[in-house]
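Student: This is the structure, below, for whatever I ask next.
Any read-out appearing in this document is the output of simple, stated calculations on the displayed coordinates, not a laboratory observation. In this text, all values refer to a predicted model and were calculated from it rather than measured experimentally. Cβ coordinates were reconstructed from backbone atoms using ideal geometry, including for glycine residues, and neighbour counts include every protein chain displayed.
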Amino acid sequence: MLEIVGSKDTKSVVITGHSIGGATASLCTLWLLSYLQSISSSVSVLCITYGAPLLGNESFSQIIFKERWGGNFCHVVSKHDIMPRLLFAPITSLSTQLNSLLQFWHLSMTSPDMGKLANQISEKEKDKLFTAVVDYLETATQDGETSVPILFHPFGSYFFVSEEGAVCVDSSAAIIKMMHLTLATSSPASSIEDHLKYGDYVNKMSAQTLYQSNSMQKSIPDSSYEAGLELAIQSSGIANQESAITSAKECLKTTRRMGPSPTLNAASLALSLSKVVPYRAQIEWYKTWCEKQDDQMGYYDSFKSRNSSSSKRGMKVNINRCKLARFWNNVIDMLERGELPHDFDKRAKWVYTSHFYKLLVEPLDIAEYYGKGMHRTKGHYIQHGRERRYEIFDRWWKDETVTTGKEENKERSKFASLTQDSCFWARVEEARDWLNCVRSERDTNKLALLWDKIENFEKYAIDLIENKEVSSDVLFKNSSYSIWVEDLRELKQLKAKVQRFPHQFTGFLDGEVVP
């Protein structure tokens, strides 16, 4: 069964499903998360599954972790239910038993009175299926050469429920170990029947209080950590299984986070940010210096064509640019490894700081790219040279503007201190290339496409300037943009003459360069 809870104007969506419906709910959630990411939506999504089978392999699980979607999934698994554990073991040879089992579950859920059909599954078939899954899980959790490959891997958080309580685990290795330990305390019959009892577990969990039994309270250790382990063992429902307690404790200990918590890492990162702020300040000072020079080139072109007279200043700025890149790459790596809070990329401080960094420093990256002629071998910057961190910061900023409802294009009374499109100069470089192609292109269809691109960029740039969303140095006399505007004006004049007196410009019409 699959259920989606939400409304037309909702800010959150909950998707739930039981059994195979849980797998469908997970797939639906992944699609929705991907779609919401593409439109920079702030809608919150939570998927809760009950007794759902596994969905994908290790690579599939790693991608979900890398996208930081693991927190959107909560998989509820009962102590004895065999369904969530089935795909840990190869079941090709057990197809007969599996088909009978699926039929029984289907009939039991659609018509409870049909539960009597349980006798259609022989005790021998139940035992064969149960033993195969338990044995494979046990082998899979062993270390060394005796272990076997795991075809399907869990993702998200797993909520192991029993009549005594529940334990939440999010480590893949710990999830697999707990799957084995809890199932090993079951029996073939209860492993099948437990799949139909999630309603009972949910009701019991809802009615539970934070207090444990008196006997448990008396045996709680002094150490809060050990006390937590004891409570977790009892909640898992295996407290009476002496053979499983030690292994379960060791398993739960492995889930304890090693090193600083995400919150502490975020605090340390804030201190690291304060140490790199001077590098950014020096680049800001360099921009101001460029705008005061008599050469009227501006920030971008001064860095791109820096010469021996300004090499020391330019070298220092370039070093600072590389230091800032390392800092922000490290931030992204930490975030993707789960070492920072899950909402880190939504915290205003980091969203605005990364956005300012992008607007200030990416023009220098573009200048370095074209100044060294890298576009000739790799292609233009936006498609082939842009660093991944800038694309990530674009997404952070879009998410922030959607969440807060702030408009990016507010009316300005003066030019921006930084051009609001950090890729503006890369677009200028592409537009310069288009002009050069127009001068030599003979194919009329290709010429029409080139002129279409040029006119679109011209309109885009004019809109930015009219809205004052560019830095004032964009309009400096010797900036790449001003030179491009002048070249375009001359080419348009020549194009007009060609159209008016075609017989005098036969060479131009044939694609030759006319002086």
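Student: Just to verify a number: FRET efficiency for I465 and V148, C-beta to C-beta distance, R0 = 45 Å, to 0.05?
Tutor: Plugging the Cβ-Cβ distance into 1/(1 + (r/R0)^6) gives 0.10.
Student: Provide the packing ranking of 82-95, 379-392, i.e. peptides ordered by the mean count of other C-beta atoms within 10 Å per residue, highest first.
Tutor: With the highest mean Cβ count within 10 Å placed first, the list reads 82-95, 379-392.
Student: So, one more: Return the FRET efficiency for the residue pair L98, K398: r is the Cβ-Cβ distance, R0 is 45 Å, and the value is rounded to the nearest 0.05.
Tutor: The value I calculate is 0.45.
Student: Okay, next question. Would you mind checking which residues have amide H under 5 Å from H153's amide H? H placed 1.01 Å from N; only 5 or more apart, or other chain.
Tutor: Amide H neighbours of H153, under 5 Å, 5+ apart: L55, G56, N57, E58.
Student: Highest mean first, how do 462-474, 352-364 rank when packing is the count of other Cβ atoms within 10 Å averaged over residues?
Tutor: In decreasing order of mean packing, 462-474, 352-364 become 352-364, 462-474.
Student: Can you give the FRET efficiency to the nearest 0.05 for L264 and W289, using r as the Cβ-Cβ distance and R₀ = 30 Å?
Tutor: 0.15
Student: Tell me, in nm to one decimal, what length is gained between Q493 and T131 on full extension, where the rule is 0.36 nm per residue of separation less the Cα-Cα distance?
Tutor: Contour length minus Cα-Cα distance gives 121.9 nm.
Student: Here is a follow-up. Report ³J(HN,Hα) in whole Hz for each residue of the range 379-384, in order, from the Karplus equation J = 6.51 cos²θ - 1.76 cosθ + 1.60 where θ = phi - 60°; Gly and Pro get x.
Tutor: Rounded to whole hertz, the list is x, 5, 4, 4, 7, 10.
Student: Can you tell me the length gained on complete extension of the stretch R439 to I63, counting 0.36 nm per residue apart and subtracting the Cα distance?
Tutor: 130.7 nm
Student: I need the peptides 432-443, 16-27 ranked by packing, meaning the mean over residues of other C-beta atoms within 10 angstrom, with the highest value on top.
Tutor: Those peptides, ordered most packed to least, come out 16-27, 432-443.
Student: What residues have an amide H closer than 5 Å to that of H75, excluding those fewer than 5 places away on the same chain, when H is modeled at 1.01 Å from N in the peptide plane?
Tutor: So H75 has HN proximity to T49, S157, Y158, F159.
Student: Sequence-distant or interchain residues sharing an amide H contact under 5 Å with V14, placed H: which?
Tutor: Here V5, L46 satisfy the definition.
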